[in-house]
Amino acid sequence: MTLRKQISADLIDAMKARDVQKRDTLRSLDSAIKNEEIAQLKREDGLDDAGVTVIIKRAIKQHKDSITQYRDGGREDLAEKEELELKIIEQYLPEQMDEDAVRAIVEKVVADTGATTKADMGKVMGPVMAEVGDQSDGNTVRTIVDEILS
């Protein structure tokens, strides 16, 4: 089952179960996917799993930013709501690498490229992101690369 179909099936299940939080979150995600399909003129064919994953990552980033802003503004109730939605959306990403595995990849690429300073960050980020793919987010990789090159 494609990722797109899995989200649609889970949306229907959430509606049947009267799970309002999950239903609303998946509706929002489904809407973002449909909007992207329309923007890319792929409404008939639909997006492939890679395209849907990009939208999921975008939604995750938006929720994380919202959580930070709500906490900074003292709105813990809204931050908790965003966290619940974030957990629902994260289920559709591939299993994420732990930090130690990412660190090992970064150290290998740093050794292969001969990078020594922060100015070499671009030489390291590309190959690392190509290797980790969807299994880690760019912020985690950037933080580790920055740490190692410091």
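Listed conditions (1) under 17 Å from Asn139 (Cα atoms); (2) outside any helix (DSSP H, G or I) are all met by Ala101, apart from (2). For segment 67-94, name all the residues that are free of Cβ contacts under 8 Å to residues at least 60 places away in the same chain, touching a helix residue (DSSP H, G or I) at 6+ places or on another chain (Cβ under 7 Å) and closer than 24 Å to Arg4 by Cβ. Across segment 67-94, the qualifying residues are Glu82, Leu86, Glu90, Leu93, Pro94. For segment 1-28, a tally of residues being among the hydrophobic types (A, V, I, L, M, F, W, C) and closer than 13 Å to Gly51 by Cα returns 1. Within segment 16-46, the residues that satisfy the criterion of being out of contact with any Leu (no Cβ under 9 Å at 6 or more places or on another chain) and hydrophobic (A, V, I, L, M, F, W, C) are Ala17, Val20, Ala32, Ile38, Ala39, Leu41. Annotation note: of Val106, Val124, Val54, the sole residue that is in the same structural domain as Ile33 (by TED's automatic domain parsing) and either surrounded by 15 or more Cβ atoms within 10 Å (Cβ to Cβ) or part of a helix (DSSP H, G or I) (or both) is Val54.
For segment 29-42, a tally of residues being loosely packed, with under 13 Cβ neighbours inside 10 Å and either assigned to a helix (DSSP H, G or I) or of a type in the set (Lys, Arg) (or both) returns 4. The C-beta contact set for segment 7-29 (first residue hydrophobic (A, V, I, L, M, F, W, C), second residue surrounded by fewer than 14 Cβ atoms within 10 Å (Cβ to Cβ) and not in a helix (DSSP H, G or I), distance under 8 angstrom, 6+ apart or interchain) comprises Ala9/Met1.
For Ser66, are the conditions met, namely being loosely packed, with under 12 Cβ neighbours inside 10 Å, assigned to a helix (DSSP H, G or I) and small (Gly, Ala, Ser)? No, not satisfied. Looking at (1) under 25 Å from Gly138 (Cβ atoms); (2) in contact (Cβ under 8 Å) with a residue 40 or more places away in the chain, which is the one condition that is false for Lys64? The one condition Lys64 does not meet is (2).
The values are calculated or read from the model by the stated rules, or taken from the named source; none is laboratory data. Just so we're clear, the structure is a prediction, and the values are computed from it rather than from any experiment. Cβ sites come from the backbone with ideal geometry, for glycine too, and all protein chains shown count toward neighbours.
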